[in-house]
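Notes follow once the structure below has been shown.
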Amino acid sequence: MTRRILREHTFKLLFLSIFRMPEEMDEQIELYRQEYGLEGDDAAYVIGKVKDILNRLPQIDGQIETVCDNWKLNRIGKTELTVLRLAVYEISFEADIPQNVSISEAVEIAKRYGGEHSGSFVNGVLAKI
């Protein structure tokens, strides 16, 4: 699978995590893996990335809150927040992914799954980071 497709699977699992208890996530990840046929290296990449992002949420969310003047995380749409978490993780912890690629991919995911202004919102927040 391409990195773009793997990123989208990562986004979907992160989005799911907002609505699940942490102790449910292993089961949810396995159900998702089976449903979408993620196998081998692709499954390991997506699952590893999701778990690492979830483990680093306080740090990632702190970075987002720092640049979102007068916006609390609970005011940000769930889609946009999930995209931001994924992009901030890539920018901060995955040196092999150029920042402009992470930002561009995040904007595209926001446009695809979010509202009319999601792409520009995500772009604006990531530009500050």
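Could you work out Rg/(2.2 N^0.38 Å) for the range 4-68, with Rg from alpha carbons only?
Values: Rg = 12.4 Å, N = 65, 2.2 N^0.38 = 10.7 Å.
Its radius of gyration relative to the 2.2 N^0.38 Å reference: 1.16.
Please give the contour-minus-distance gain from Ile97 to Lys78: 0.36 nm per residue of separation, less the Cα-Cα distance, rounded to one decimal in nm. Show your work: numbers first, answer last.
Working: separation 19, 0.36 × 19 = 6.84 nm, distance 2.41 nm.
Fully extending the segment from Ile97 to Lys78 adds 4.4 nm.
P(r) tail for the chain, what percent of Cα pairs lie past 27 Å?
Details: 1100 of 8256 pairs.
So the portion of pairs separated by more than 27 Å is 13 percent.
Pick out which of Ala87, Ala95, Ala106 has the largest mean-square fluctuation in a Gaussian network model of the chain, springs linking Cα atoms closer than 10 Å.
Ala95
Quote to one decimal, in nm, the extra length available between Met1 and Glu30 on full extension: 0.36 nm per residue of separation minus the C-alpha distance between them. Don't skip to the answer; put the middle values down first.
Numbers: separation 29, 0.36 × 29 = 10.44 nm, distance 1.83 nm.
Difference between extended and current length: 8.6 nm.
Provide the gained length on full extension for the span Asn123 to Ser104, in nm with one decimal, where the gain is 0.36 nm per separating residue minus the Cα-Cα distance.
Working: separation 19, 0.36 × 19 = 6.84 nm, distance 0.80 nm.
Value of the extension gain: 6.0 nm.
Loop-only chymotrypsin sites (Phe, Trp or Tyr not before Pro) in the range 18-81, please: DSSP not H, G, I, E or B, and at most 13 other Cβ atoms within 10 Å. Walk me through the numbers before you get to the answer.
Details: sites: Phe19, Tyr32, Tyr36, Tyr45, Trp71; in loops: Phe19, Trp71.
Hits after loop and neighbour filter: Phe19, Trp71.
Readers should treat all values here as calculations from the given coordinates under stated rules, not as data from a laboratory. Because the structure is a prediction, the values reported are computed rather than measured. Using ideal geometry, Cβ is built from the backbone for each residue, glycine included, and neighbour counts are taken over all protein chains shown.
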